[in-house]
Amino acid sequence: MTDARDTTHYVNPAPFNPIEDEVLTPEQERYYQASQWQIMWWKFKTHKLALWSGVVLILFYLCVPFAEVIAPYTPNTRDSEYLYAPPQALHFFHDGQFVGPFVYGQTSEVDLTNMKWVFTDDPNQVQPLRFFCFGTEYKFWGLFDANFHLVCPAEGGTMFLLGTDRLGRDQLSGLIYGARLSLTIGLVGVTISIVLGLFFGGIAGYFGGVADSLIQRLIEIMRSLPELPLWMALSAALPVNWSPVWIYLGLTIILGLLDWPGLARAVRSKLLSLREEEYARAAVLMGAKPQRVITRHLLPGFTSHIIASATLSIPSMILGETALSFLNLGLRRPSVSWGVLLNEAQNISVVTVYPWLMAPVIPIIIVVLAFNFLGDGLRDAADPYK
Amino acid sequence: MTMKHIAKLVLPATVLALPLLFCAGAASALDLRETPGLEADLPPIAERVPLQPLVVDLAAKGRTVGQHGGTINTMIGRSKDVRLINAWGYSRLVGYDANLKLVADLLEAVEVEEGRIFTLHTRAGHKWSDGAPFGAEDMRYYFEDVASNEHLNPAGLEPFMLVDGEKPTFEVLDETTVRYTWSKPNPMFLPELAKSRPPFIYRPAHYLKQFHEKYGDPAEIEKLAEEQKVRGWAPLHNKQDDLYGAQNPDEPSLQPWIRTATGNDRRFVLERNPFYHRVDSTGQQLPYVDRVIMTVVDGKLIPAKTQAGESELQARNLSFADITVLKQGEAQQGYVTALWSNSKGSEMSILPNLTVKNPMWRELLRDKRFRHALSLGIDRQMINRTLYFGLGKIGNDTVLPASPLFKEEFRTKWAEYDPDKANALLDEIGLTETNSAGTRMLPNGQPLEIIIETAGEDSSQVDALELVSETWREIGVKLFIKPSQRDILRERAISGDLVMSVWSGFENGIPTSEMTPDDFAPVHGDRLNWHSWGDYYETKGEGGEKPDWAPAERLMELYSEWLVSTSEEQRTSIWEEMLSIHAEETIHIGLVSEVPQPVVIKDLKNVPLKAFYGWDPGAHFGLHRMDEFYFAK
Amino acid sequence: MLDYILRRIITMVPTLLVISFLIFLIIELPAGDYISNQIAALRSSGEASAVAKLEFLRAEFALDRPFLERYLIWVGLWSGPHGFDGLLQGNWGWSFEFNKPVEEVIGPTLPMTIILNFTTILFVYIVSFPIGIYSATRQYSWGDYGFTFLGYIGLATPNFLLGLILLYLFNRWFGLSIGGLMASEYIDQPWSMGKALSVLAHLVVPTIVIGTAGTAAMIRRLRANLLDELHRQYVTTGRAKGLKERKLLVKYPLRMALNPFISDIGNLIPSLVSGSVIVSVVLNLPTVGPVLLSALQSQDQFLAGFVLLFVAGLTLVGMLVSDLLLAVLDPRIRLGGRAAS
């Protein structure tokens, strides 16, 4: 700008070719030609926290199919010598020498004045952990017998890295098996709520008019019913003599049934705005049927939003399950979920004596946080052109 | 004791079937001392206690004489539990003493002739908590105007008042004496009066008459009914008349503490009854403690609050699992965690349903070898160690050593852990085939899988069953636990679908021969192991099934004999035969008994450190005479 | 304005009616009813006299009628055994478990429920307002991350557990009695300074516990709204013209961002009420929460039904309040005649 003041008006003598000038750099080319999903992925990648949350969640979800292999014990394996045993510390060096991961053997006795089990490490008993090993027997997916584990205690040794409960059951294995129910309950519930949300939101948003106002009222009603009391009421209505599998399904359906209004609202408002877009109008004018317009032209426009908001509603379902199981309205032993495990921590003063009973809180917090971050990231990425 | 008194008591003793019931001491020898802090408008102590108060000899019981004052704070799990005060107070016409002997309590004396004529003497000068006299009229009011009134009591007299369906003749002999006469012995009568939840065959007539159609002013009754939102005089009367439930603070009572109108549904204040009939040997009127305050707290928080020192006397909602926590708080809060022992026959009992509908199961469960095998296949030692630090006593569901009827074999027969013997027995039955998992096969080709249903209220039952399932696996029996609900369990027992269930053992593990052996015979329809037989008895053959199993028939016979028994020897031998049938047949598969019950005591004296904790007999603190507890200053 | 309020209230009537129907449907879902369960239990224990009494009660409370009739009788739109005597006539029903009218059972708990929810809302606003503004104005600062993280942790911890832990710690550190809304010696006392202080002290834990879940969402929303506004051109213009940052923030963007913040009370209330129910159960607060749980478990249907209806009503009122506040703040809504949904 300083130059401009004291020079005369300057015109570039080179010929101007608008086509050449608008040539895109390879990056730009890639960007403009990329599909919506690709751009979303790029955008999502920049959100590091969300990315890592996704990774964490994948790791957690690995427990679902492979719980038997990952867990050192089964959730109901008991060791009568280790009741309320505290977590065994993992050591690497014994007498200054590197041994690899190992635990010290423990001896237990009853302290009758304080009425509790006392455990003492026996420094002579070094029990190195074994990896890719054969240990406690289980029935893989309830189908065939196997005893292969990622990690096992030493032969004749123990490995209670998160301690044991009152019957001497390993907490860590409980958590790993519990992930199976706790993590899937949200997914199934969200699937139900997506289906319902799409259906009702779709009708309301696309057809408008009477259908819209009816569904609007319905949504309003559902939203003014407080969730938890309703969950409580509905779970209390589940027959207690149902098998655990049915109770589980019933719970997911209840969780899903009450969650759809939020999604339906999102779908509706998104549809309303998309319907006004030119490409949608064009399709209608060209004589496309509503079904085609919705599925071909409108749905892709907000799938990403649906995924994002579904992700955000999974954690509330996970928390809901824990709350219900905590109140004895949900799952019960012998089913194992994080809520069931937390149920043992109900008596807060027991927790002061045996703090490791609180362990299930940790995965709950991590998973809920991860889902929230992931959801935030997805939501940001859902509007990649913004 | 005056001479006249002794004569009166000794004379009928020659014809008594029951041991003599009497009160100790006499007021004349006592120098009554006024209770401090009472309201000024009350009459002096001498006019408040009966002419012959019940004098408690604390020294003889190994207790100390206390002092008045203080408040016992305690917690209950729901507001209905306020009625526990009337169990804990345990003032009965006749009640059990610490040795489980029946003694007169509210009554001055009872005479029993031929086991069928009961003469009840109330104490002269005994007063209700509002100062109105208590006597024969209150008993008459109950019998004639309440129990026999078809509006108040449409179903008629309660079973303990009927012998073979026959009602007693009731007479008022004088102001303090009434007599019940049956044509045959009624051994159920006195034990029933001593129950933790007794039938209250006396009612405060002076108070209740205002609500009674026969005595009250109809306009007034109608107005009151309107106020109480009930329709008609009978519901009104029933609502106001709640001696056990303690729901009506206006109704006078004879118990040591009475409910006051202050407080609400979450906190109940129970003040001393200034007209209570018991005094200590130094002339101080009981109870020592001025008031009991019961706060309603969610059951799950009670251990935590107790540990924080918020209760002076707590056993309710504390369980064995809380002991560690309670012990931990002792030093800081200055309380003591006494370990009483549970007086149930067994902490928990596995109940094979002998009247199950499925014919194959019925045959199997009634086969004594099968039940023996199941019992022998349980490692009770391991259960005791795992769940109770080994502090319980292992064995069958039967009476405890504290009961005079106890014999070692009742507890140990078929109760040792012997998988080899169990396997042999199962083989002998013919269950020799096994599947790939090592589970035996039933005659119908199904694996031997037993579903044990629980009421889902007590998590230690599920824990114990989990332990049982481990050792049953070794004898080829697979166990599934199904947590359910009380009502559903009952329904399934009624329909006959229930195969096996788990429940707490016999309620009364410390019976004497005077107590009704109804738990041990199939006479109640609410039992999960023989509903149909009990129903048959209760409905007099209209419902259920006639027992068609030799041991049950014999138990039935013995029970009927007990009902018309007249002597202690006869009753003892009946009891012993019933108990040995139970031990020999393993009708209940008991696991562990005498499990410690934590009782938290803070600054209270005279509370035993070792005692039985039970409901009937026991009334929780009742048998241990809560009115004698006091605070050390 | 009055017209708007009126219209808004009138639309609530059918909503309430449908809600009441749904609630009645839900509480009637479990098989049997309180009395038939009692009858089964008593019959099996041979107490025939009580059975007769209960049979009478069944007729008395119209439990022997068909479902729809029972519902209408409950609401008071159908003539029951005693004429029209339902919710509309001011009869809240009868609690079998407590054996007294529902209003006597939950009457004392209602004020506490409202106090608790009110303080929680207050807490949520007081905490999230400054933090939201701070986070938006100092986006991506350590403070922003720190507060957001704290908020998320609050969201992620199962709040019943958080409640138990805090309860224990408060007892240890400050000697606060465990559970309840006041020290037990005050329960039946008249209001006094000591009692009020005791209540305040006991409100801290539940307020924090119930509030944390809502606070995180609130901060997130306020922050996003404010960020949107701060990126508008008028802000840039204002800044270019040399307006002081504080004035710039408070004058317009904050006001604009406040609208959704307030309208959010409609979303906040249901979740708070939900949260307060379960937290009350765990912390033993004398609110409707524990009453509801026990009523559900014992199938004390009229009690459970009324509590659910009350809670739903509370939510509706909350939504109404938020709509009204919005209308006051935003003339477009008031004049446009359509409630913001």
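The values are calculated or read from the model by the stated rules, or taken from the named source; none is laboratory data. Computed from a predicted model, the values in this text were never measured in an experiment. Methodologically, a virtual Cβ is constructed for each residue, glycine included, from the backbone with ideal geometry; neighbour enumeration extends over all protein chains shown.
Values computed for the structure shown
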{"read-out": "Hits in region B:252-272 - residues which are assigned to a loop (DSSP other than H, G, I, E, B) and under 24 Å from the mean Cα position of the chain (by Cα)", "value": "B:252, B:253, B:254, B:255, B:256"}
{"read-out": "Residue within region B:296-312 that is within 11 Å of another protein chain (Cβ to nearest Cβ), assigned to a strand (DSSP E or B) and at pLDDT below 90 present", "value": "yes"}
{"read-out": "Criterion violated by residue B:480 - all others in (1) touching a His at 6+ places or on another chain (Cβ under 7 Å); (2) within 14 Å of another protein chain (Cβ to nearest Cβ) satisfied", "value": "(1)"}
{"read-out": "Condition met for residue B:139 (within 14 Å of another protein chain (Cβ to nearest Cβ) and in contact (Cβ under 8 Å) with a residue 24 or more places away in the chain)", "value": "no"}
{"read-out": "Residue count for region A:120-179, restricted to those that are part of a loop (DSSP other than H, G, I, E, B), of a type in the set (A, V, I, L, M) and touching a residue at least 12 places away in the same chain (Cβ under 8 Å)", "value": "6"}
{"read-out": "Residue count, region B:542-566 (criterion: aliphatic (A, V, I, L, M) and in contact (Cβ under 8 Å) with a residue 40 or more places away in the chain)", "value": "4"}
{"read-out": "Some residue of region B:318-333 being surrounded by fewer than 24 Cβ atoms within 10 Å (Cβ to Cβ) and more than 14 Å from chain A (Cβ to nearest Cβ)", "value": "no"}
{"read-out": "Members of region B:116-151 found to be part of a loop (DSSP other than H, G, I, E, B) and surrounded by fewer than 21 Cβ atoms within 10 Å (Cβ to Cβ), listed by number", "value": "B:116, B:124, B:125, B:130, B:131, B:132, B:148, B:149, B:150, B:151"}
{"read-out": "Any hit, region B:184-205, residues being among the polar types (S, T, N, Q), closer than 28 Å to residue B:570 by Cα, modelled with pLDDT of 85 or more and surrounded by fewer than 18 Cβ atoms within 10 Å (Cβ to Cβ)", "value": "no"}
{"read-out": "Within region A:308-336, considering residues that are more than 18 Å from residue C:159 (Cβ to Cβ) and among the small types (Gly, Ala, Ser), the one farthest from the other protein chains (Cβ to nearest Cβ)", "value": "A:310"}
{"read-out": "Tabulated pairs, region A:335-351, first farther than 18 Å from residue B:481 by Cα, second basic (Lys, Arg) and at pLDDT 85 or above, C-beta under 6 angstrom, 6+ apart or interchain", "value": "none"}
{"read-out": "Which numbered condition residue A:255 fails, given (1) in contact with a His (Cβ under 9 Å, 6 or more places away or on another chain); (2) under 30 Å from residue A:178 (Cβ atoms); (3) not β-branched (Val, Ile, Thr)", "value": "(1)"}
{"read-out": "Some residue of region C:136-149 being crowded, with 21+ Cβ neighbours inside 10 Å, within 14 Å of chain A (Cβ to nearest Cβ) and either in contact (Cβ under 8 Å) with a residue 24 or more places away in the chain or part of a helix (DSSP H, G or I) (or both)", "value": "no"}
{"read-out": "Pairs where the first residue, in region B:226-239, is of a type in the set (Val, Ile, Thr) and the second is crowded, with 17+ Cβ neighbours inside 10 Å, C-beta under 7 Å, 6+ apart", "value": "B:230/B:236; B:230/B:239"}
{"read-out": "Subset of region A:235-262 [away from chain C (no Cβ under 14 Å) and more than 18 Å from residue A:184 (Cβ to Cβ)]", "value": "A:260"}
{"read-out": "Condition broken by residue A:83, with the remaining ones in (1) within 14 Å of chain B (Cβ to nearest Cβ); (2) in a strand (DSSP E or B); (3) closer than 26 Å to residue B:468 by Cβ satisfied", "value": "(2)"}
{"read-out": "Residue identified as assigned to a strand (DSSP E or B) and closer than 24 Å to residue B:400 by Cα among B:501, B:513, B:460", "value": "B:501"}
{"read-out": "Filtered residue count, region B:379-408, keeping only those that are over 19 Å from residue B:582 (Cβ atoms) and under 18 Å from the mean Cα position of the chain (by Cα)", "value": "0"}
{"read-out": "Options B:585, B:542, B:507: the member that is under 30 Å from residue B:322 (Cβ atoms) and either crowded, with 18+ Cβ neighbours inside 10 Å or touching a Phe, Trp or Tyr at 6+ places or on another chain (Cβ under 9 Å) (or both)", "value": "B:507"}
{"read-out": "Cβ-Cβ under 9 Å pairs, at least 6 apart or on other chains, region B:152-164 side at the interface with chain C (Cβ under 9 Å from one of its Cβ atoms), far side hydroxyl-bearing (Ser, Thr, Tyr)", "value": "B:153/C:49; B:154/C:49; B:155/C:49; B:156/B:148; B:156/C:49; B:158/C:49"}
{"read-out": "Top-ranked residue of region A:93-119 - restricted to ones that are within 13 Å of chain B (Cβ to nearest Cβ) and in a strand (DSSP E or B), ranked as surrounded by the fewest Cβ atoms within 10 Å (Cβ to Cβ)", "value": "A:109"}
{"read-out": "Matching helices (runs of 4 or more DSSP H) fully within region B:342-413 where at least 1 residues are over 18 Å from residue B:450 (Cβ atoms) and within 14 Å of chain A (Cβ to nearest Cβ)", "value": "B:380-388"}
{"read-out": "So residue A:314, is it under 14 Å from the mean Cα position of the chain (by Cα), surrounded by fewer than 20 Cβ atoms within 10 Å (Cβ to Cβ) and either touching a residue at least 24 places away in the same chain (Cβ under 8 Å) or not in a helix (DSSP H, G or I) (or both)", "value": "no"}
{"read-out": "Enumeration of residues in region B:71-100 that are over 15 Å from the mean Cα position of the chain (by Cα) and more than 19 Å from residue B:199 (Cα to Cα)", "value": "B:71, B:72, B:73, B:74, B:75, B:76, B:77, B:78, B:79, B:99"}
{"read-out": "Looking only at region A:343-373, and only at residues there that are under 22 Å from the mean Cα position of the chain (by Cα) and within 7 Å of another protein chain (Cβ to nearest Cβ), the one that is surrounded by the most Cβ atoms within 10 Å (Cβ to Cβ)", "value": "A:364"}
{"read-out": "Of residues in region A:258-299 being part of a helix (DSSP H, G or I) and charged (D, E, K, R), the one nearest to residue A:224 (Cα to Cα)", "value": "A:265"}
{"read-out": "Residue in region B:452-468 that is under 20 Å from residue B:360 (Cα atoms) and within 13 Å of chain A (Cβ to nearest Cβ) present", "value": "yes"}
{"read-out": "Unmet requirement for residue A:54, which otherwise passes all of (1) under 18 Å from residue A:304 (Cβ atoms); (2) at pLDDT below 85", "value": "(2)"}
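Quick grid of which residues meet (1) within 12 Å of chain A (Cβ to nearest Cβ); (2) surrounded by 19 or more Cβ atoms within 10 Å (Cβ to Cβ); (3) in a helix (DSSP H, G or I):
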| site | (1), (2), (3) |
| --- | --- |
| C:214 | no, yes, yes |
| C:222 | no, yes, yes |
| C:225 | no, yes, yes |
| C:237 | no, no, yes |
| C:246 | no, no, yes |
| C:249 | no, yes, yes |
| C:256 | no, no, yes |
| C:275 | yes, yes, yes |
